[in-house]
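Read-outs throughout are calculated quantities, based only on the coordinates presented, and are distinct from any laboratory measurement. All figures in this text were calculated on a predicted structure; none of them were measured in a lab. Glycine also receives a Cβ, built like all others from the backbone with ideal geometry; neighbour counts cover every protein chain displayed.
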C-alpha cells in the first residue's frame, strides 16, 4: 500500500512536470543559452581541427521565492556589457511563449495527488498570466536573475519616523526599502529624461527631511527651472539661500562656503575632524535642480550662436568652480549635496561633484552614453517606460528600484509648519501647477 501511494505521487509529479514543461513553465536555463547563441554571444577560437565556437556554460541554478538565479561561465573575449546591451533581447525571449504564468513551487506542492491531477494542473494554467523580469550582474560569473513577478509600478511616500539622515528612495524587486543615507553617501546625483521621476525624487528628499529633521536641517536651494520645483520651499525657516536665475547662484554658494568656514573653525576648536565624530546634528543641504543650466560650455555655445555679451558665461564659470570647491571640501563640515539634471552629458555635471557623488539615481535616459555618464555603465537606457522606475547606484552596487511618489498635498504638508511668512499661492504646489496649465493666475501678497 505504501509503495502504491508513493508510486502514484512520483508518477503524478512526473506527469505534472511533463505537462508544465510542454506549456513552457519550467526553468529557463536552456532558453537563456539559446537566446545568448542567437544574439551572437559566442566566441570563435582556433582549435587543433579548426575554429571552435565557445558558448556560455551553465554553472548552477538556484530556486528562490522570487524566481530563479542562473549562474553562467562566459567565454574569454566576452564582457558583461555585451550581455547588458542585449537585455531587451533576453527579456523578450524569456517571455516569448504561449503563456507566462505566475506558478511557483507552492502551487505545485499544493496539488492533491489523490485527486484528478490533470484537472488541477489545468486549473493552474488558468491563472492570470504575468511577465517575467530579468536582472543581470557580474562578479566573475554572469548572474541572471529571472523574477516570476513584475516589480511594483506605483508606490506612494508616507511620512515615516526619523531614521538619522536616511531617506527612503523606493523599493527593490524583492519589496525591500532602499535608502540613501546622507551620513554615509554624502552626495547624490539624480538624472533622467523628462517625466521619469527626477523632480519627484528631489521633492521627496527635501520634504522627507522637513518632516523628520526640521530643527536640524538647513537648506541652500538653487532651482534653475525658474523655481518650479524648489520655489514652494523658499520661505521655509530652514532656507539660508535661494536662487532661480544663474546670476543669483553665486550669492547662495557664498553662504554655503561661509557655513563651511564657520563649521570648520568650530570643529577645529573642539578637536574634531568632522560633524559625525563631533556628534553635531545639524546638516546643510545644497540642492540644485537642473545643474546643467550652470554649465559654462553650454552657455558659451548659446552666446556664440546669438552673438550676445558673454557676461553670463563668467557668472556660470564662477558658480561652476564654487560648486566643485564645495564638493571637494563640504562633506566633513556637514554639507550634503543633491544635484539633478535631465541633460546627463559629461560637460553638464561638475567634475568633482560627480566624482564625490557616492549615490546615483538614474531614471530612463535617451541612450547608453547618458547612462554611462551617470552610472558608469549601460542600463538606464533600457529601463521600462514606468514613471518612477530607476537604477540606484551606491558605491559599486546598482539596484533597480521603484521610487516612492510624493503627492503635492504631502509636499505642502511638509512645508506649511516651517514657513516664516505666508505668501498666497507661492507655497502651494497645486496652485503653481494650475497656473502652469493656464487655469489660474498666481498672485503674490503677504498675509
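Each part gets one Cα centre, and for the stretch 200-217 versus the stretch 332-351 those centres are 18 Å apart.
Restricting attention to the stretch 166-436, close to 40% of DSSP beta bridges with both partner residues there are antiparallel.
Return, ordered by residue number, the residues of the stretch 324-353 whose backbone nitrogen is under 17 Å from a label point located 7 Å along Cα→Cβ of residue 254. Only 326 pass the distance filter.
Once you treat every alpha carbon in the stretch 318-401 as an equal point and sum by Debye, what is log10 I(q)/I(0) at q = 0.16, 0.24, 0.27 Å⁻¹? Debye output, listed in q order: -0.63, -1.18, -1.36. Going from the fewest other Cβ atoms within 10 Å to the most, the residues 186, 233 appear in the order 186, 233.
Note on the stretch 357-401: Rg/Rh from Cα positions, Kirkwood definition for Rh, rounded to two decimals, is 0.92. Remark: the residue 43-residue 347 segment gains 105.8 nm on full extension, using 0.36 nm per residue and subtracting the alpha carbon distance. Neighbour counts of other Cβ atoms within 10 Å put 208, 325 in the fewest-to-most order 325, 208. The Rg/Rh ratio of the stretch 225-276, with both radii computed over alpha carbons and Rh defined as the Kirkwood radius, is 1.12.
How much of the DSSP beta bridge set in the stretch 127-276 is antiparallel, as a percent to the nearest 5?
Of those bridges, close to 70 percent are antiparallel.
By the count of neighbouring beta-carbon atoms within 10 Å, fewest first, 207, 258, 339 end up ordered 258, 207, 339. With contacts taken as Cα pairs under 8 Å at a separation of at least 6 residues, the stretch 166-436 carries a relative contact order of 28 percent.
With the simple model of a label 7 Å out from the Cα in the direction of the Cβ, residue 34 to residue 412 spans 5.6 nm. Descending by average beta-carbon neighbour count within 10 Å, the peptides 348-361, 76-89 line up as 348-361, 76-89, the highest first. Look at the alpha carbon pairs under 8 Å that are at least 6 residues apart: their mean separation over the length of the stretch 160-288 gives a relative contact order of 22 percent.
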